[in-house]
1. Quick one: 3J(HN,Hα) in Hz for region B:48-64, Karplus 6.51/-1.76/1.60 with θ = phi - 60°, rounded, Gly and Pro as x.
2. Using a Gaussian network for chain B with springs between C-alpha atoms less than 10 Å apart, which of these wobbles most: B:GLN289, B:GLN311, B:GLN260?
3. On C-alpha positions alone, give me the angle between the axis of helix B:93-123 and the longest principal axis of chain B, in degrees, nearest 10.
4. When every alpha-carbon pair in the protein assembly as shown is counted, what percent end up more than 42 Å apart?
5. Based on Cα coordinates alone, diagonalise the gyration tensor for region B:89-160, multiply each eigenvalue by 5, take square roots, and list the semi-axes in whole Å, largest first.
6. Between B:VAL103 and A:LEU283, what is the label-to-label distance in nm when each label sits 7 Å out along the Cα-to-Cβ direction?
7. Any idea of the accessible area per residue across the protein assembly as shown, 1.4 Å probe, to the nearest Å²?
8. On a 21 Å Cα-Cα criterion, which of the cross-link pairs A:LYS285/B:LYS237; B:LYS129/B:LYS237; A:LYS285/B:LYS129; A:LYS154/B:LYS266; A:LYS289/B:LYS129; A:LYS289/B:LYS317 come out too long?
Amino acid sequence: MLETTSRIRPLAARPRGSGAPGRRWSARIRPAIGYMILCLIALLFLSPLIYMFATSFKPPAEIFSVPPKLFGSEFRWQNYQEALNYMPFLRFMGNGLLVSAAGTALTLVVSAFSGYAFSRQRWRGRNLVFMVFLATLMIPQEVLIVPMFVMMQKVGWVNTFQALIVPWAFTAFGAFLLRQFFLGVPQELDDAARVDGAGTLRTFLLVMLPLARPTMAVLAVFSFISYWNSFLWPLVVINDVNNLGTIPLGLQMFFGQQGNQWHLVMAASVISMAPTLLLLILLQKHLVKGIVTSGFGGR
Amino acid sequence: MTLLKPTKAPLAEVEATISRGRAKRKAKAEPDAQLGRRTMWGPAFALPHGLGLAIFTLLPIVVSLVISLFRWPLLGTPSFLGLGNYERLFSDPIFGQVVANTVLFVVLYVPLNLVVSLGLAAWLTPRIKGRHIFRVIFFIPSITPVVANVVVWRMLYQPGGFIDGTLQSATGISAPNFLGDEHWAMMAIVVMSVWQGFGYNMLVFSAALDAVPENLTEAAAIDGANAWTIFWRIKLKLISPSIFFGTMMTLITSFQVFAQPFILTKGGPGSSTSTIVLYIYNQGFQFHQLGLASAAAWILFVIILGVTAVQFLGQKKWVHYDA
């Protein structure tokens, strides 16, 4: 049953020339060619990143050689040293880490509570409020940027970390994702906890939350990545890039000033990609599952 | 015995129905009792999130509408304009071109994204060895910082850059100046954006295709349908809800394109690649006209709402939910 997909092709091909050696050969060679084309497409797809990686080790004079070469005459590790010295990239990393971690923590806390309230608590107006939550997903961030900036001005948050962290932690996506998860948990678990004498808060914290760990992890990774990569809002609300900049902001500024020092820009780009790339490789199974079950990622 | 059976059976059934009904009523009654006792927990749990959304999404949307009715400098006092900002936008040929550019981007980008993501999702069937690795590879640019992605592409597109250099050494002809030529710049941005963005849709479509029941495709194959027909006639129909969803999300996000033109072309040459969000950013935070920027943002919002509504109305024609 499980291998039916692989059975389809021989079934369809058989009546035309069953047993002829040429046919059988082509049935074997065709998937191989297809596979090779797929590999070529993947390689072509990766080529910008490979090129970036290779360029980040090239001596500056050899970057725009004709014909382009993948590797320079030497492997220049100093590019990274110089890129790190030229701009406070480690600080950008630290800032990004702080902002992303705090934002993710806030997202997880509020989403877990609301996801639970929308799935396993009965209260008047629940569905209406949930509809309003979902409707906010339709509002593009760009429409909020100007009024949000004015609000930040009024409360004196321009040029602060909290301006980067707080406004975007309340996306309805988290409530949606966790509600989906909690809806699938059997009611008996609540009842059992109640029989054992646990109140609502205890049931939620000690029984339900530990169960939701995988979903929380998916939400955490999405949230972290979207904070880490966020660009337009930091560009608007942070002026003091040297001290408060995150990675994309720092990279952008670095690029503006160093437009012709491509070897440094590429080294900086490689550094900026490393954390999310690492997350993807480590957690690809969960991430893919999260995208697939929820239908959309943290864009 | 034989006589008793028929009478006993309905009786048992009646009993069962009654007790089932009782159980149902009980199950219904219990949450109601809960509702009486614990009604404060639900709203209390949802409150922090709801408050956050109210302050940081619902309030700004209203504030945005208010700001758009003012001449609102970055620093200094705002003055009321009424619909002046909107009038200015509608009569400004630059804004007209910005909207046209954005629509052009959407019209080029969305179909390309869908074709590429659907094509690759269909190709990466469970038969393909290492399909998970391929999926991860195609997804990489979706999660790496868009600024870094764009910076690399700038290097590929640049005269003397990778594409130009390769072409020159292979054929002796130099490539067009992709980013400096009005006819090429938007295409260059579209290609880069497809490269960066189709991974999400590919994953969603791929999962939907995996969920197509095998007995359906198998039956069709036995009836003599080839792989091509099976894909077009059966699989595509069955995954149409995913395609609908993917199309809608892609449409919405593609109207918001910003980082690509911002770093690749700065909207140029001329204003041939300036998009609505780039315009919002420039007006608001370069020229300090927050009112005008807000009005432009609201026009963007209305466009997105309109396109989404049209999508929803059109879905009945091609989306099949009865799987």
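The values are calculated or read from the model by the stated rules, or taken from the named source; none is laboratory data. All of these numbers come straight from a predicted model, not from anything done at the bench. All Cβ positions, glycine included, derive from the backbone under ideal geometry; neighbour counts span all protein chains shown. Ligands, DNA and RNA are excluded from the accessible area calculation, which covers all protein heavy atoms including side chains. Shrake-Rupley method; radii C 1.70, N 1.55, O 1.52, S 1.80 Å.
1. x, 5, x, 4, x, 5, 5, 6, 9, 10, 6, 4, x, 4, 5, 4, 4
2. Taking springs between Cα atoms under 10 Å, the residue moving most is B:GLN311.
3. 50
4. Working: 64974 of 193131 pairs.
More than 42 Å apart: 34 percent of the Cα pairs in the protein assembly as shown.
5. Details: eigenvalues 223, 68, 21 Å².
In descending order the semi-axes read 33, 18, 10 Å.
6. 4.1
7. Spelled out: the 1.4 Å probe surface of the protein assembly as shown, per residue, equals 49 Å².
8. Numbers: A:LYS285/B:LYS237 27 Å; B:LYS129/B:LYS237 26 Å; A:LYS285/B:LYS129 16 Å; A:LYS154/B:LYS266 30 Å; A:LYS289/B:LYS129 19 Å; A:LYS289/B:LYS317 30 Å.
In this structure, A:LYS285/B:LYS237; B:LYS129/B:LYS237; A:LYS154/B:LYS266; A:LYS289/B:LYS317 exceed 21 Å between Cα atoms.
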